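The values are calculated or read from the model by the stated rules, or taken from the named source; none is laboratory data. What you see is a predicted model; the values in this text were computed from it and never measured. Ideal geometry is used to build each Cβ from the backbone, glycine not excepted, and the neighbour counts take in all protein chains shown.
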């Protein structure tokens with residue numbers, strides 16, 4: 001993935017955005033025309049692409065069936081020190097797990113929750129200080 005300037009990976013800060021779409025080709029066409037983003041395939045990740053501006057990855061996108069049911073949505077990732085602890089704490093506070101802790105080899109781990117009010121958000125635990133966009 002692209003190189004990036006030093007990024008604030010402090011727990012509690014937002015670190016990545018991702019589109020889960022029921023029409024990946026349509027979303028790609030819409031956002032590349034709307035913002036001038038380039039859609040880039042990731043070697044070894046057939047079901048996931050990046051939106052890029054210049055040499056900077058700005059968001060990821062995929063078929064929503066890989067993540068959730070319902071309408072297309074943008075999902076934000078919040079940096080956390082420990083994804084397992086964050087998921088457990090969220091569950092204790094009434095959240096529902098949408099996706100259990102999942103490792104992204106060489107990058108880190110994530111989990112997705114639905115808060116008690118129905119809002120979805122993801123946790124990102126970096127491997128060795130890597131952001132989702134590195």
- Item | Qualifying positions in region 11-29 - surrounded by fewer than 19 Cβ atoms within 10 Å (Cβ to Cβ), in contact with a strand residue (DSSP E or B) (Cβ under 6 Å, 6 or more places away or on another chain) and in contact (Cβ under 8 Å) with a residue 60 or more places away in the chain | 11, 13, 14, 17
- Query: So residue 97 fits all but one of (1) modelled with pLDDT of 95 or more; (2) within 15 Å of the chain's Cα centre (by Cα); what number is the exception?
  - Reply: (2)
- Query: Do any strands (runs of 3 or more DSSP E) entirely within region 53-107 hold 3 or more residues that are more than 28 Å from residue 38 (Cα to Cα) and touching a strand residue (DSSP E or B) at 6+ places or on another chain (Cβ under 9 Å), and if so, which?
  - Reply: 96-104
- Do we have residue 55 as farther than 24 Å from residue 26 by Cβ, assigned by TED's automatic domain parsing to the domain that holds residue 33 and modelled with pLDDT of 90 or more here? yes
- Note on the structure: With criteria (1) at pLDDT 95 or above; (2) surrounded by 20 or more Cβ atoms within 10 Å (Cβ to Cβ), residue 131 comes up short on (1)
- Task: Evaluate region 34-47: report whether one residue or more is within 29 Å of residue 115 (Cα to Cα), buried (at least 19 other Cβ atoms within 10 Å of the Cβ), in contact (Cβ under 8 Å) with a residue 12 or more places away in the chain and under 16 Å from the mean Cα position of the chain (by Cα).
- Result: no
